[in-house]
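The structure under discussion appears below in the form of structure tokens.
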Amino acid sequence: MPRKAEVPLKLSRQLISLTWNPRNLYQLATKKQLLTEKHKTLFQKMWKAKRDTRGYHDANITERQWLRMFDAQLPTLNIKYNTKPSHPNTASLMYACMERRLDFIVFRSHFASSIWMARHIIVHSKVKVNGKPFPFPSHRVKDGDVVSVDPEAVATLSQPADGTKVLEFAPHPYQQPWMFIPEYLEVNYNTCSTVFLREPVTKPTQTELPSPYPPDFHALAYRFYQRRGRTRK
């Protein structure tokens, strides 16, 4: 796959992105937690949380596009569970709608090395939804939809040196921290396909939405957009 499909990461921005790039792993290891910076005002914390979480959960999506998608109505939860310290804040699901996007599913399934590579192979008709080519990275799938990828476009498969047609697994350097499968996806690597089961939910002691940031950090970002009074129509 052409290298131009990748977007270079700038260490000066200190943003964690959806990519296996070694620089991204460095960002993850050296990122400071804003919640411990007591000298920041509440607005500064909310703005920083908005910037950092958006940098990871909706890379290259404009503010106007995100405002059209943002829904201030979070999933309901029994209050006796929501107030328990062991249950994560439901604001951690503010980006759950993004996980329905075709490019996110391809990346979460480990078929692409970055969200930009996922968009690249989707645009070039290497991805199908329910058996039909679908060259639209922003398409949001429905529960039960099957997403399949051309094996030759999968980032971790390569042609063997002996020239045989059977593709071999070829791991990328430093990809191990990102090699996990969310519970709302059912991935079959034998057929290079994924079934989208449902949107992420919260459970006692955990949230299903993959993120390098804690739920309380997402709550600050959610509060930032909630105060703007902009909800999805």
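Tabulated values for the structure
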{"item": "Net lengthening on full extension, residue 166/residue 143 (0.36 nm per residue, minus Cα-Cα)", "result": "5.1 nm"}
{"item": "Sites residue 39 and residue 205 - FRET efficiency at Förster radius 25 Å, r taken between beta-carbons, to 0.05", "result": "0.20"}
{"item": "R0 of 22 Å, Cβ-Cβ distance residue 124-residue 69: FRET efficiency to nearest 0.05", "result": "0.30"}
{"item": "Likely footprinting exposure, 66, 20, fewest C-beta neighbours within 10 Å first", "result": "66, 20"}
{"item": "Under 19 Å from the Cα of residue 31 - aspartates and glutamates, other chains or at least 8 residues apart", "result": "52, 58, 216"}
{"item": "Fewest-first sequence of 192, 97 by Cβ atoms within 10 Å of each Cβ", "result": "97, 192"}
{"item": "Those aspartates and glutamates that a straight Cα-Cα span of less than 17 Å connects to residue 132, excepting residues fewer than 8 apart in one chain", "result": "103, 143, 145, 150"}
{"item": "Packing-based exposure ordering (other Cβ within 10 Å, fewest first) of 54, 198, 108", "result": "198, 54, 108"}
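None of the figures in this text is laboratory data; all of them are computed from the coordinates on show. Only a predicted model underlies this, so the values are computations on that prediction, with no experimental measurement involved. As a convention, Cβ positions derive from the backbone with ideal geometry for all residues, glycine included, and neighbour counts pool all protein chains shown.
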